[in-house]
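Below is one structure, written out as structure tokens; the observations come after it.
Please treat every number below as a calculation from the coordinates, not as lab data. Please read all numbers here as calculations on a predicted model, not as lab measurements. Cβ placement follows ideal geometry from the backbone for every residue including glycine, while neighbour counts extend to all protein chains displayed.
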Amino acid sequence: MTHKLTGDQVLQVDTLARVEGEGAMRVVVRDGEVTDVELRIYEPPRFFEAFLRGRAWTEPPDITARICGICPVAYQMSSCLAIETACGVTVPEEIRLMRRLLYCGEWLESHALHIFFLHAPDFLGYPSAIEMARDHREIVERGLRLKKAGNALMTLVGGRAVHPVNVRVGGFYRLPTRTELTALRPALQRGLDEAMQTVELVAGFDFPDMQQPYEYLSLRSAHGYPLESGSVVTTSGIAFPVAEFEQHVTEEHVSRSNALHAGLHGSPYVVGPLARYALCSDQLSPVAREAARTAGLGPECRNPFRSIVVRAVELVHAFDEALRIIDGWQGAPAPAVPVPASAGEGHGATEAPRGLLYHRYRIDDDGKILEAQIIPPTSQNQAGIEADLRSFVQPRLHLSHDELTRQCEQAIRNYDPCISCATHFLDLRVVRS
Amino acid sequence: MTGARAATSTLVVGLGSRDRGDDAVGPEVAARVGELLGNNGGPRVLEHEDPAALLEAWAGADLAVVVDAVRTGGEPGAVVVLEAGQGTEPLTQEPWAGPARGGTHAFGLAAAIELARALDRLPRRLVVVGVEAACWETGTGLSEPVAAACPRAVAAVLEAVRAGGDR
């Protein structure tokens, strides 16, 4: 018996404006047991890898920023690192700090959007933030204010709030002045206070019981909680430099999905807030650590539904970190350093809001890109999402299709995947035999 | 309507990405409107890719005109004009309705409008000018029928601006 719960809407969303993908899920049940779960997603980076070939070494930050309207800074930062590594250049400390500040802006925008507008309605029992706003106006207004603070930071440092235009290989086109940075302080300070209230709010939600057994993987950096730099660590104690990423992580094509499935030595693993928190919570700012403690998060959190709490803690950290960088900013001799083309290969990884984003480029002496490889967080998490759903669906097979679909969408949204938009239209098919 | 009033309370927004085929129609139409009206005393004209930013962008405006690409199943290049400001019906049945119809990560134009309605943040008059799109492919320009529709979309925007914030 086949149930089709949400019609053929998935077929209609794959090419809609500014939609970043589609999601469909197929659950196979035999004799009352879930035997298979398939999540089908589409991701655009694959096309970008192809048309980066033949382009100039200076172009990836602008080209790859177009992959995602929510995490363009992640694409810019990982591509800059990879190109600079290939050319043998390390940017000065001031530029690293300004990149970290820009990245804070992206985390604020992305986490505020996800917490308040995409995920909180699931927990509070609303189909969307619109219905939630009618009963919880102050919560939604707070989300807008937090997102606006992130937008302001992105606009000042990145040149605009979406797809920043001020980033270049080697640094920036222009650095903000100390006066401009200081002007953001009041909004950031208020944001910090409201982020702490947000931790308290989301920590009080009801969470389904679930524990992930998988390995977690993130960057760990000498410069604090991982954002713009670091090397790779995992919860089983594996550690390696970013240059060895593809020796440990392999991607394979599965016929049901346009996104490649990544595995760590062939096994599922998870990137994102839960991984960062498990591996680097000791590097959170004191105020973020205290927020985590008050929220009841231990040294690690393995319930994916509580990822919303960890995201809120990361909001606190991003506000606090932005204030710290602004307060300590002493200016820089130049907004960028030269990065002359040099034949070679370079690797770069940074922590996008939804997890580690890896780039690799091979360029020739003239700076022409010969090969590009991009491994985004959602493709790394896809096996973990499927494994989550497998264990999640089994005890819920008695639910109505509408309710099962809603709960599966909520479980998928734990990952804030780049198919969030499409998962509202998740096409769930339960095949029973 | 006086020119001075338009200068302080009218906003035109071209919504969309210039890199995704016909999604560029919003920014393209807004740019043409900006050229025609000029910067001295005319409405504010913006381009934006993030529908969520509209809630801030139209704060204080009596009239906001938003131009966006839509897909309704109609003829590519068809221009649809919709009143969506204070006192209008929610966009529940419209092609751009629903929280996931467009917009990165589930926050589209309709979601922005309906969230603004729920928060009493809608402009007194909001006019949506939709252009039926044919192609959303990254890296391509406007399709022929949508490029041909731009003058009609510009005319629709100008008509809304001339009428002002009172319906």
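Details
- Counting other Cβ atoms within 10 Å as a rough exposure proxy, the listed residues A:D209, B:D50, B:D68, B:D62 run A:D209, B:D62, B:D50, B:D68 from fewest neighbours to most.
- Gaussian network model of chain A, Cα within-10 Å springs - most flexible of A:I139, A:I130, A:I115: A:I130
- Candidates A:D388, A:D62, A:D206: whichever shows maximal mean-square fluctuation once chain A is modelled as a Gaussian network with Cα springs under 10 Å: A:D206
- When the alpha carbon gyration tensor of segment B:3-163 is reduced to an equivalent ellipsoid, the three semi-axes, largest first, read 22, 19, 13 Å.
- Least to most buried among A:M77, A:M154, A:M196 (fewest other Cβ within 10 Å first): A:M196, A:M154, A:M77
- Within-14-Å neighbourhood charge of B:A134 [Cβ basis; K, R +1; D, E -1]: -4
- Segment A:274-346: C-alpha gyration tensor shape, a/c 1.5 cut-off, then a/b vs b/c: oblate
- Chain A: DSSP helices with Cα axial extent of at least 24 Å and average Kyte-Doolittle hydropathy no lower than -1.0: A:93-112, A:137-158, A:185-203, A:307-328
- Rounded to 5, the percent of DSSP beta bridges in segment B:3-163 classed as antiparallel: 25 percent
- Peptide B:114-121 has a mean of 5 when you count, residue by residue, the C-beta atoms of other protein chains within 10 Å of its C-beta.
- Gyration tensor verdict on segment A:97-241 (Cα atoms; rounded if a/c is under 1.5, prolate if a/b is larger than b/c, oblate otherwise): oblate
- Overall size of segment A:28-161 from C-alpha positions, given as principal axis extents largest first: 55, 46, 22 Å.
- Per residue of B:18-26, other chain Cβ atoms within 10 Å of the residue Cβ number 2 on average.
- Kirkwood Rh and Cα Rg combined as Rg over Rh, evaluated for the protein assembly as shown: 0.95
- Per-residue Cβ neighbour rank within 10 angstrom, fewest leading, B:E28, A:E200: A:E200, B:E28
- Computed over neighbours whose Cβ is under 15 Å from that of A:R178, the net charge equals 0, Lys and Arg +1, Asp and Glu -1.
- Note on A:108-119: average number of Cβ atoms from other chains within 10 Å of each residue's Cβ is 2.
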